[in-house]
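Derivation of every value follows stated rules applied to the coordinates shown; laboratory data play no part. Note that the structure is predicted; figures quoted are calculated from it, not measured. So basically every Cβ, Gly included, is an ideal-geometry build from the backbone, and we count neighbours across all protein chains shown.
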Protein chains: 2
Amino acid sequence: MSSTTPGSTTTATETASAAAAVPPRTAVIGLGAMGLPMARHLAGALPVTVFDISAERRALAVADGAAEVTTPADAARDADVVLLAVRDQAQVDSALFGPDGVAPALRAGAVVLLTSTVGPDAARATATALAEYGALLVDAPISGGPTRAGNGDLLIVVGAEPAALDRARPVLDRLASTLTVIGGNPGDGQALKAINQLLAGVHIAAAAEAVALARGVGLDPRTVIDSLSQGAAGSFMFADRGPRMAQAYGDDADAVEVRSRLDIFVKDMGIVTGIAKNAHVPVPLASAAEQLYLLGERAGLAGRDDSSIVTVLSPVSEGDR
Amino acid sequence: MSSTTPGSTTTATETASAAAAVPPRTAVIGLGAMGLPMARHLAGALPVTVFDISAERRALAVADGAAEVTTPADAARDADVVLLAVRDQAQVDSALFGPDGVAPALRAGAVVLLTSTVGPDAARATATALAEYGALLVDAPISGGPTRAGNGDLLIVVGAEPAALDRARPVLDRLASTLTVIGGNPGDGQALKAINQLLAGVHIAAAAEAVALARGVGLDPRTVIDSLSQGAAGSFMFADRGPRMAQAYGDDADAVEVRSRLDIFVKDMGIVTGIAKNAHVPVPLASAAEQLYLLGERAGLAGRDDSSIVTVLSPVSEGDR
């Protein structure tokens with residue numbers, strides 16, 4: 001099957017037959033914005049056990065057919081695939097190697113499926129640490145947001161040994177509409193995800209500069225977005241975040257929904273610039289974007305939609321509403 | 001007709017009827033990469049007189065039916081519309097107000113159509129200076145490149161008084177597939193074009209960082225571009241310039257065509273950061289991009305394709321070819 005070849009990209013349709021194999025027992029650790037919809041979606045097709053420190057979040061997964069347990073170790077004990085959907089590397093370490101952690105409880109042949117964005121070095125260190133317990137890591141960071149997570153419509157980029165990938169594939173196929181196997185080692189998925197985040201984070205910041213400059217020179221941001229978003233100046237982020245940035249200055253500013261938190265880009269641009277520094281590659285724009293997201297965090301926008309970064313460059317004033 | 005309303009965008013089909021009026025006698029000043037194909041395309045439908053300091057460039061326009069003259073004044077003398085397609089504001093000033101310049105030779109009612117990217121302040125100053133000669137300026141910077149210029153397939157953004165716009169419209173309609181009237185004053189078109197260039201220039205630089213980082217972490221740039229260019233990380237420039245950036249490291253590096261010179265972005269990002277400074281709007285990414293294009297110019301890439309900026313971040317080495 002060509003889809004385990006590094007560099008290959010497959011869609012759900014192409015790999016639907018793989019999911020017809022014996023469904024792996026799956027543990028989901030972490031029921032946050034992405035973990036909960038993934039757990040619910042998986043529970044419709046596979047035996048799923050969930051762990052989160054919040055009983056309330058566990059109850060939401062149980063309502064969709066998952067079983068709940070109260071430690072990571074209990075979640076892992078009978079699982080073929082242990083999916084981690086936690087915030088950062090500290091939470092990965094705690095879930096796997098902390099008290100009542102996953103690693104010592106893993107069955108022989110079980111794989112750990114890491115969906116968090118933690119950076120290549122952290123993924124490689126995790127793979128090395130898991131190897132001492134005889135377990136393999138599938139490095140599989142996800143993109144797409146909560147709604148797509150709940151519909152099996154995620155973009156997943158994978159770095160994993162073929163044997164590990166094969167075991168995790170029924171779970172990945174259920175979650176992904178596009179699955180790219182970029183390399184044969186843990187860390188490769190994280191590297192590609194970091195490049196994705198470099199572009200996404202810079203494009204959001206560029207959209208913010210465009211909207212702020214439009215306001216600064218007296219042009220209507222919505223007209224500017226409409227005029228430019230389909231041409232050579234266009235990006236997914238300009239078309240997606242641009243209108244929400246314009247909305248920040250309107251009567252309906254309070255209706256801007258938090259679709260992706262700003263502090264995700266504080267973390268992810270930090271990973272990007274860290275990788276670039278280690279590789280001795282200058283990334284002046286990513287660095288400038290990282291500083292801008294840090295300024296946004298300091299301005300109190302950490303938990304706001306990332307489109308709110310525009311208000312750092314062009315503050316909302318009395319006259320706007 | 002709604003197309004003279006600021007904020008309106010029209011397509012060639014919608015405005016075809018306007019071009020059916022008496023064709024204006026048109027002078028084209030400047031037969032560079034954009035001026036020559038525009039002159040040739042206009043000469044197929046309108047009486048066109050051309051001026052350029054190069055007799056060779058004039059001869060190319062004459063072959064397509066234009067008349068040639070040897071001073072800007074002679075080009076302007078009988079013209080209803082004087083189209084300027086020169087490099088920068090210094091050339092605009094020289095063509096209009098220098099020895100044998102356009103301004104003193106203009107007929108009553110003639111309009112000057114400025115297609116160059118010079119910035120809003122320069123366009124406003126030009127309009128003020130032309131007013132002393134009783135002439136109106138149509139501020140109409142163009143985007144799209146030489147091929148589209150020769151096919152009447154340009155994106156043109158316009159700031160002009162309705163009376164001036166009406167007189168220039170048959171020429172604009174012949175050149176543009178998309179015409180956006182962003183405001184009623186000269187300078188408005190330049191402001192929108194500057195925002196277009198902010199996004200385009202930042203997106204090219206971001207694509208360069210992505211390709212350089214891919215190389216730095218050992219991923220194949222072409223695979224990275226294929227994987228990411230259609231998703232949330234996508235931009236027109238990543239899909240367009242990305243493959244040419246990857247080509248810079250391949251056996252076919254010498255075949256990278258100069259579609260848009262790198263030093264255009266030295267000029268245009270300078271305009272962007274100048275406007276932003278005047279408007280007191282911080283643009284940290286555009287500033288970083290400006291510095292990167294300056295580094296590219298200093299590295300000897302001024303006349304190379306702008307995609308070559310990637311080689312500043314990740315130099316071509318012996319092992320690449």
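Find the relative contact order for chain B and round it to a whole percent, using C-alpha pairs within less than 8 Å whose residues are 6+ positions apart.
15 percent
If you add up the charges near A:Ala95, with Lys and Arg at +1 and Asp and Glu at -1, over every other residue whose beta carbon is less than 13 angstrom from its beta carbon, what do you get?
Local net charge: -4.
Mind checking which lysines have their Cα closer than 17 Å to the Cα of B:Lys267? Skip sequence neighbours fewer than 8 apart in that chain.
Counting by Cα, and skipping residues close in sequence, B:Lys267 has these lysines nearby: B:Lys193, B:Lys277.
Give me the inter-chain shielding for A:273-282: mean count of other chain Cβ atoms within 10 Å, whole number please.
4
Determine the shielding of peptide B:86-92 by partner chains: average, over its residues, the number of Cβ atoms on other chains within 10 angstrom of each Cβ.
Partner-chain Cβ atoms within 10 Å, mean over residues of B:86-92: 0.
Work out the mean other chain Cβ neighbour count within 10 Å for the residues of A:204-212 and drop it here as an integer.
Going residue by residue through A:204-212 and averaging, the value is 6.
Farthest toward the dipole's positive end in segment B:28-136, which of B:Leu84, B:Ala63, B:Ala45, given Cβ charges of +1 (Lys, Arg) and -1 (Asp, Glu) about the Cα centre?
Projecting each Cα onto the dipole axis, the largest value belongs to B:Ala45.
Taking every pair of alpha-carbon atoms in chain A, give the share separated by more than 37 Å as a whole percent.
Here the long-distance tail beyond 37 Å is 20 percent of all Cα pairs in chain A.
In vacuum, with every alpha carbon of segment A:8-184 counted as one equal point scatterer, what does the Debye formula give for log10 I(q)/I(0) at q = 0.18 Å⁻¹? Two decimals, please.
Those come out to -1.12, one per q.
So what are segment A:218-262's ellipsoid semi-axes, whole angstrom, largest first, if each one is the square root of 5 times an eigenvalue of the alpha-carbon gyration tensor?
Output for segment A:218-262: semi-axes of 19, 14, 6 Å.
Under the rule a/c < 1.5 gives rounded, and otherwise a/b versus b/c splits prolate from oblate, where does the protein assembly as shown land using the Cα gyration tensor?
Since a/c reaches 1.5 and a/b is larger than b/c, the shape of the protein assembly as shown is classed as prolate.
Determine the principal axes of the Cα atoms in segment A:192-316, then give the extent along each, sorted from largest to smallest and rounded to whole angstroms.
Principal-axis extents of segment A:192-316 (Cα, largest first): 44, 33, 23 Å.
Looking at chain B, what % of its DSSP beta bridges pair antiparallel, to the nearest 5?
25 percent
List, in order, the whole-Hz ³J(HN,Hα) value for each residue of segment A:172-186 obtained from phi through the Karplus relation with A = 6.51, B = -1.76, C = 1.60 and θ = phi - 60°; use x for Gly and Pro.
Values per residue, Gly and Pro as x: 4, 5, 6, 9, 9, 8, 9, 10, 10, 8, 8, x, x, 9, x Hz.
Placing +1 on the Cβ of each Lys and Arg and -1 on the Cβ of each Asp and Glu in the protein assembly as shown, which of A:Val272, B:Ala233, B:Gly152 has its Cα farthest towards the positive end of the resulting dipole?
Going by the charge dipole, the pick is B:Gly152.
Note down the relative contact order for segment B:224-300 as a percent, whole number, built from C-alpha pairs under 8 angstrom at least six residues apart.
23 percent
Treating the beta-carbon of each Lys and Arg as +1 and of each Asp and Glu as -1, no other charges, what is the dipole magnitude of chain A about its Cα centre, to the nearest 20 debye?
It comes to approximately 280 debye.
Could you give the dipole magnitude of the protein assembly as shown about its Cα centre, charging the beta-carbon of Lys and Arg +1 and that of Asp and Glu -1, in debye to the nearest 20?
140 debye
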